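Q: Got a structure for you, written out below as structure tokens; questions coming shortly.
The values are calculated or read from the model by the stated rules, or taken from the named source; none is laboratory data. The shown structure was predicted, so the numbers you read here are calculated from the model rather than taken from an experiment. Ideal geometry is used to build each Cβ from the backbone, glycine not excepted, and the neighbour counts take in all protein chains shown.
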Amino acid sequence: MLNWLGLPVEASTHAAEIDQMLVLVHWLMLVLFVGWGAFFAYVLFRFRKGANPKADYAGAHGKISKGIEVAVVVAEMVLLVFFAIPAWARRVSSLPSESGAVVVRVVAEQFAWNVQYPGPDGKFGRTDPKLVAPDNPLGLDKTDPNSKDDVTTINQLNLPINRPILIHLSSKDVIHSFGVYELRVKQDAIPGMEIPVWFVPNREGQYDITCSQLCGLGHYRMRAFVTIQSQADYQAWFADQEKQLNQR
Ligand SMILES: [Cu+2]
């Protein structure tokens, strides 16, 4: 039932719930489209000029039209109250704990995605806009002890499978939007705000991070990758990053 929408693969645990919502909305839209379309064709014929030389200003009198209107409103309310709002509430209120999750900072800028991992100490190094430079896009304060083990990447986010991921999302300049279709994740990145985004990836692979908010001339090339890998592969990747860090 999901394939007819042509959706990308589901790569996170909440993807099925989002897709169910999409499918329900599309079914409702299909019924409305066919229903209103048939009604429109009927009205074109029934109230043609030849049969109705004088317009009737009172409109529809029957109970059927009112009944249909109420049914559409009720169907939309059911979708909203029983499906959409609970699904949204789960996304924004049941955040995983910092200690149990893989915590990452993602900072958007025109036109790239900067990633900061807190490293083994679990603490993000201090960042300061004054320290931002071409070789330090995050403005990481290298004198801060917490920053010593912080791994930073550009346009590449590696994450382990089957672990809760908590991303602290922000932006350096304008409003961007962090969109990963396979994970069914989309969240605006807003300067001055740090917005939590969480999900549990459950399918290994490499997926596109696409900026989903028109953010300037280079918007089209604001593309990055998220690589979902096994716990062992992720640890090996991370150890490699730490090694490179110590060689610098
Ligand atoms: Cu952008």
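Matching residues to (1) more than 23 Å from residue 93 (Cα to Cα); (2) within 16 Å of the ligand (Cβ to nearest atom); (3) of a type in the set (A, V, I, L, M, F, W, C):
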residue: 138; (1), (2), (3): yes, no, yes
residue: 141; (1), (2), (3): yes, no, no
residue: 150; (1), (2), (3): yes, no, no
residue: 166; (1), (2), (3): no, no, yes
residue: 179; (1), (2), (3): no, yes, no
residue: 195; (1), (2), (3): no, yes, yes
residue: 221; (1), (2), (3): yes, yes, no
residue: 244; (1), (2), (3): yes, no, no
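Q: With the condition kept exactly as written, say whether any residue in segment 225-241 is within 16 Å of the ligand (Cβ to nearest atom), more than 29 Å from residue 122 (Cβ to Cβ) and either of a type outside the set (Asp, Glu) or in contact with a Pro (Cβ under 9 Å, 6 or more places away or on another chain) (or both).
A: No: segment 225-241 contains no residue that is within 16 Å of the ligand (Cβ to nearest atom), more than 29 Å from residue 122 (Cβ to Cβ) and either of a type outside the set (Asp, Glu) or in contact with a Pro (Cβ under 9 Å, 6 or more places away or on another chain) (or both).
Q: Here's a follow-up. When you check residue 107 against the structure, is it within 21 Å of the chain's Cα centre (by Cα), surrounded by 10 or more Cβ atoms within 10 Å (Cβ to Cβ) and within 30 Å of residue 123 (Cβ to Cβ), yes or no? Quick ask: steps written out before the conclusion?
A: Values: within 21 Å of the chain's Cα centre (by Cα): yes; surrounded by 10 or more Cβ atoms within 10 Å (Cβ to Cβ): yes; within 30 Å of residue 123 (Cβ to Cβ): yes.
In short, yes.
Q: Looking at segment 200-219, which of its residues are part of a loop (DSSP other than H, G, I, E, B) and more than 10 Å from the ligand (Cβ to nearest atom)?
A: From segment 200-219, those part of a loop (DSSP other than H, G, I, E, B) are 200, 202-204, 212-218; that's our starting set.
Those that are part of a loop (DSSP other than H, G, I, E, B) and more than 10 Å from the ligand (Cβ to nearest atom): 200, 202, 203, 204, 217.
For every residue, the table says whether it meets (1) touching an Asp or Glu at 6+ places or on another chain (Cβ under 6 Å); (2) surrounded by 17 or more Cβ atoms within 10 Å (Cβ to Cβ).
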position	(1), (2)
138	no, yes
143	no, no
146	no, no
149	yes, yes
154	no, no
158	no, yes
167	no, yes
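Q: While we're on this one: Restricting the search to segment 70-120, which residues are touching a residue at least 24 places away in the same chain (Cβ under 8 Å) and among the β-branched types (Val, Ile, Thr)?
A: Kept after step one, since they are touching a residue at least 24 places away in the same chain (Cβ under 8 Å), are these residues of segment 70-120: 72, 75-76, 79, 83-84, 87, 90-91, 95-96, 98, 100-120.
Result: 72, 102, 103, 104, 106, 107, 115.
Q: Search segment 168-177 for residues being of a type in the set (Ser, Thr, Tyr) and under 14 Å from residue 105 (Cβ atoms), and hand back the single one that is farthest from the ligand (Cβ to nearest atom).
A: Step one: filter segment 168-177 for residues of a type in the set (Ser, Thr, Tyr), giving 170-171, 177.
From what is left, the residues that are under 14 Å from residue 105 (Cβ atoms) are 170-171.
Values: 170: 13, 171: 8 Å.
Among residues in segment 168-177 that are of a type in the set (Ser, Thr, Tyr) and under 14 Å from residue 105 (Cβ atoms), the one farthest from the ligand (Cβ to nearest atom) is 170.
Q: Still on this structure, I have one more. One residue is enough: does segment 186-193 have a residue meeting the conditions within 15 Å of the ligand (Cβ to nearest atom) and under 17 Å from residue 155 (Cβ atoms)?
A: Checking segment 186-193: at least one residue is within 15 Å of the ligand (Cβ to nearest atom) and under 17 Å from residue 155 (Cβ atoms).
Q: May I pose another question? Can you list residue pairs whose Cβ atoms sit under 9 Å apart, with the first residue in segment 183-210 being crowded, with 18+ Cβ neighbours inside 10 Å and the second being of a type in the set (Asp, Glu)? Count only pairs 6 or more apart in sequence or on different chains.
A: These pairs meet every condition: 183/10; 184/10; 184/17; 184/19; 201/182; 207/182.
Residue by residue, here is whether (1) modelled with pLDDT under 90; (2) over 17 Å from the mean Cα position of the chain (by Cα) holds:
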{"site": "76", "(1), (2)": "no, yes"}
{"site": "83", "(1), (2)": "yes, yes"}
{"site": "87", "(1), (2)": "yes, no"}
{"site": "91", "(1), (2)": "yes, no"}
{"site": "113", "(1), (2)": "no, no"}
{"site": "140", "(1), (2)": "yes, yes"}
{"site": "162", "(1), (2)": "no, yes"}
